[in-house]
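Following: one structure in structure tokens, then a few remarks.
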Amino acid sequence: MTAAFVRHDPPGVLLPLVLDSPHSGEWYPDDFDHAPPRSMVRQAEDTHVARLWQHAVAHGATLLEARFPRAYIDVNRSVDDIDLALLEDGWPVPVTPSRKTEQGIGLVWRLARGGVPMYARKLTAAEVQGRIDQCWRPYHAELEALLEARRRAYGGVWHINCHSMPAVGDALADDPGHERADFVLGDRDGTTCDAAFTQCVADAARGMGYSVAINDPYKGVELVRKHGRPADNRHSLQIELKRTLYMDEVTLEPTAGYGRLERDLAELTRRLAAFVGERIPATFP
Ligand SMILES: [Zn+2]
């Protein structure tokens, strides 16, 4: 099996700044026998997001990038957010389906975008368990190890969880029909990072002319919830980028805005690197 993720380590200065792109994977495993056409299933991807943030690595950040697609298994869901309606043989331990599972987009998605069934069959518990073991666990383990290694080395770590969002909420969204801000920052109502980290990103993005919303309509889900622990000086912030800033939402092709956003994210990272640098205690390197 191909590795579940790619990790990009900076060549020079290392900072306790970690980015992860959990939904931009474009490697579709052979056993992912989705029923709708690939073009429809790909609407679930955060296409281009890892590439857009790639310059962060040159500023000393480490970037973790999932290779598998989100629709195969979603690492931004809890591992027990299992949809029993998907399974032909039940699940061996108790499950905790969230509202996302009720919407068909839990740990393993039952529905493609537009509400079309993802599979023409039921899945076995063994194959869902295989996706957890091959993708979900290695990804979370790598992120946890990376964050904890940086925190130990520098006394704290700052983590950006990188996503993209449709420009307008669809029928299943919490904001159907509403045009989103350019950037939506999510810190689960101030619980996953220091407020100054959220403010630093908001100020930088607004200064570049982007509209920014905070925790509306996206507060952040499992990755920032599980890995952000401000009391331990581990800070996780979710950033959702509006797709129409840089791509055609139907063809997924980059648009003329791609280059500008890529340059602005590099500048944003430069400011984050300065923010993080000021917060590394003097006793650390
Ligand atoms: Zn995402």
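Structure data summary
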read-out: Hits in the range 67-92 (condition: of a type in the set (A, V, I, L, M, F, W, C) and within 15 Å of the ligand (Cβ to nearest atom)); value: PHE68, ALA71, ILE73, VAL75
read-out: The range 185-214: number of residues that are in contact with a helix residue (DSSP H, G or I) (Cβ under 9 Å, 6 or more places away or on another chain), part of a loop (DSSP other than H, G, I, E, B) and not polar (S, T, N, Q); value: 8
read-out: Some residue of the range 54-63 being within 16 Å of the ligand (Cβ to nearest atom), more than 21 Å from GLU127 (Cβ to Cβ) and under 16 Å from the mean Cα position of the chain (by Cα); value: yes
read-out: Single residue of ALA231, ALA196, ALA167 found to be touching a strand residue (DSSP E or B) at 6+ places or on another chain (Cβ under 7 Å) and of a type outside the set (Lys, Arg); value: ALA167
read-out: Cross-chain or 6+ apart pairs with Cβ under 9 Å, the range 148-171 first and under 15 Å from ARG229 (Cα atoms), then within 16 Å of the ligand (Cβ to nearest atom) and part of a helix (DSSP H, G or I); value: HIS159/LEU143; HIS159/LEU223; HIS159/VAL224; HIS159/HIS227; ASN161/LEU223; ASN161/VAL224; ASN161/HIS227
read-out: Whichever residue in the range 151-176 is within 30 Å of ASN233 (Cα to Cα) and more than 18 Å from the chain's Cα centre (by Cα) and, among such residues, is most open to solvent (accessible area, probe 1.4 Å); value: ARG152
read-out: Exclusive hit being open to solvent by 10 Å² or more (accessible area, probe 1.4 Å) and either of a type in the set (Gly, Ala, Ser) or at pLDDT 95 or above (or both), set THR251, THR269, THR283; value: THR251
read-out: Strands (runs of 3 or more DSSP E) within the range 1-81 that include 2 or more residues in contact with a His (Cβ under 8 Å, 6 or more places away or on another chain); value: 17-21, 62-66
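The values are calculated or read from the model by the stated rules, or taken from the named source; none is laboratory data. Nothing here was measured: the structure is a model prediction, and the numbers come from that model. Cβ atoms come from the backbone with ideal geometry, glycine included; neighbour counts cover every protein chain shown. The accessibility values were calculated without ligands, DNA or RNA, using every heavy atom of the protein model including side chains. Shrake-Rupley method; radii C 1.70, N 1.55, O 1.52, S 1.80 Å.
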